[in-house]
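Just below is one structure, and these are the notes that go with it.
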Amino acid sequence: MIEQFKEAVNNGLSTPHKNLPSKYFYDKKGDALFVKIMGLPEYYLTRAEHDIFKNQTSNIITSLKLEKDTYFELIELGAGNGTKTKELLKLLSKEGYNFDYLPVDISQNALDNLENNLKTELPFVSVKTKQGDYFEVLESLRHSKHPKVILFLGSNIGNMNDAIASIFMQNLSANLNLGDKLFLGVDLIKSEDIVLPAYNDSQGVTAAFNLNLLDRINKELDADFNRNNFIHTPTYNEKEGIAKSYITSTINQDVHIKAINKTFSFIKNEKIHLEISRKYNDEILNNIITNTQFNIKNKLSDSNNYFANYILEIE
Ligand code: AVJ
């Protein structure tokens, strides 16, 4: 883990266009900052998807073509705290559907918290947590032959560029059987005045979330980044539909990273690219699933048409 982190930081800071991968945002501090982001007035994504789960719950069940007397596995990739999913679990359980809920996460701690919460809030739902890498878990479930519904929510796919997202969809498709469904949450392409503030909030929480990666490098790789010499400078291009986050060096400076045994120089106004947040439409999603067995069957949107949950089926 630390070796991978070291290599990613070294590679990312050794290229002419410096970059650091956003997957390393999520240490303890980063997790807490992301929870704060989800509650920000500017961060519409979480509310929009929750709107769909809360106000169109039976529509979700109908679109997934679930049947009460056919057992299925409801598998959630990257389960988080389950706020949205609980709306669906509540109705499925109330209406007597026959299913297990299988939240998959890399963090056992996140799974334990979710399991305990569900035990008290939805005691009649059968929960089987699966700790591990998404594809390891899917591979292990592959031979069960029970119908599967995969939930991949929260625009988590947005952090992948299109090439990586299509490989991800190919892997997912290869681990599923005919008739299995994917319920995919994506943020929709819309104007800059709505998207950019979601990544540049007035309280500076997103700035802190990005700059926390420098603190993490300081802590884990024994470096001397001074975060006061960097600012958060996100962009959004409506035409391509991608928000990008950068941090920009405000001065000429050198940073030494002991664990890598190397000094990195930054010139004034030089940017480090940290994250992409891809926004979608039908065409982009169709491109990404080209080499898979998935087909788009349906699409549910929130009342503002900011966010969508697509239903894809293996055909
Ligand atoms: C967790 C990938 C959905 O890109 O919107 C939030 C992460 N980054 N604010 C997103 C994030 C900055 C978020 N996802």
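For each pair in 23/219; 128/181; 148/244; 23/145; 29/239; 28/279, compute the distance between the two Cα atoms and list the pairs where it is over 22 Å. From the list (23/219; 128/181; 148/244; 23/145; 29/239; 28/279), the Cα-Cα distance tops 22 Å for 148/244; 23/145; 29/239; 28/279. Placing a pseudo-label 7 Å from each Cα along the Cα-to-Cβ vector at residue 167 and residue 70 gives an inter-label distance of 3.4 nm.
Would you please calculate the Kirkwood hydrodynamic radius of the chain over all C-alpha pairs and express it in Å, rounded to one decimal? Each step should come with its number before you reach the end.
Working: mean 1/r = 0.0480 Å⁻¹.
Every distinct Cα pair counted, the radius reaches 20.8 Å.
Geometric descriptor of segment 1-107, per residue, is 152 Å³ (volume of the convex hull of the Cα atoms).
How much length, in nm to one decimal, is gained on full extension between residue 194 and residue 128, taken as 0.36 nm per residue of separation minus their Cα-Cα distance?
Numbers: separation 66, 0.36 × 66 = 23.76 nm, distance 3.81 nm.
Length gained, residue 194 through residue 128: 20.0 nm.
Across segment 248-315, counting alpha-carbon atoms alone, Rg and Dmax equal 21.3, 55 Å. Taking 0.36 nm per residue of separation and subtracting the current Cα-Cα distance, fully stretching the chain between residue 62 and residue 117 would add 17.1 nm.
Estimated from the Cβ-Cβ distance and a Förster radius of 22 angstrom, the FRET efficiency linking residue 301 and residue 159 is about 0.55. Between 83, 290, 120, the Gaussian network model of the chain with springs among Cα atoms under 10 angstrom shows the greatest mean-square fluctuation at 120. In the chain, helical runs assigned H by DSSP with n ≥ 4 each contribute -39500 (n - 2.57); averaged across all residues and rounded to the nearest 500, the mean residue ellipticity at 222 nm is -11500 deg cm²/dmol.
Its residues counted as N, segment 150-222 yields a C-alpha radius of gyration over 2.2 N^0.38 Å of 1.52.
Could you give the alpha-carbon Rg of segment 82-182 over 2.2 N^0.38 Å, rounded to two decimals?
Working: Rg = 14.3 Å, N = 101, 2.2 N^0.38 = 12.7 Å.
Against the compact-globule rule of thumb, the ratio is 1.13.
Want the number for residue 144 to residue 263: 0.36 nm per residue separation, take away the alpha-carbon distance, what's left?
Working: separation 119, 0.36 × 119 = 42.84 nm, distance 5.14 nm.
Result for the pair: 37.7 nm of gain on full extension.
Holding the Cα-Cα limit at 26 Å, pick out from 18/262; 6/86; 90/297 the pairs that are longer than that. Table pairs above 26 Å Cα-Cα are 6/86.
Charged side chains reduced to their Cβ positions (Lys and Arg at +1, Asp and Glu at -1) give the chain a dipole of some 220 debye around its Cα centre. Per residue, the accessible area of the chain comes to 47 Å², computed with a 1.4 Å probe over protein heavy atoms only.
Apolar share of the accessible surface for the chain: 48 percent from carbon plus sulfur atoms, 1.4 Å probe.
The values are calculated or read from the model by the stated rules, or taken from the named source; none is laboratory data. Bear in mind that the values here come from a model prediction, so they are computed numbers and not experimental data. All Cβ positions, even for glycine, are placed from backbone atoms using ideal geometry, and neighbour counts span all protein chains on display. We work out accessible area using only protein heavy atoms, side chains counted, and drop any ligands, DNA or RNA first. Shrake-Rupley method; radii C 1.70, N 1.55, O 1.52, S 1.80 Å.
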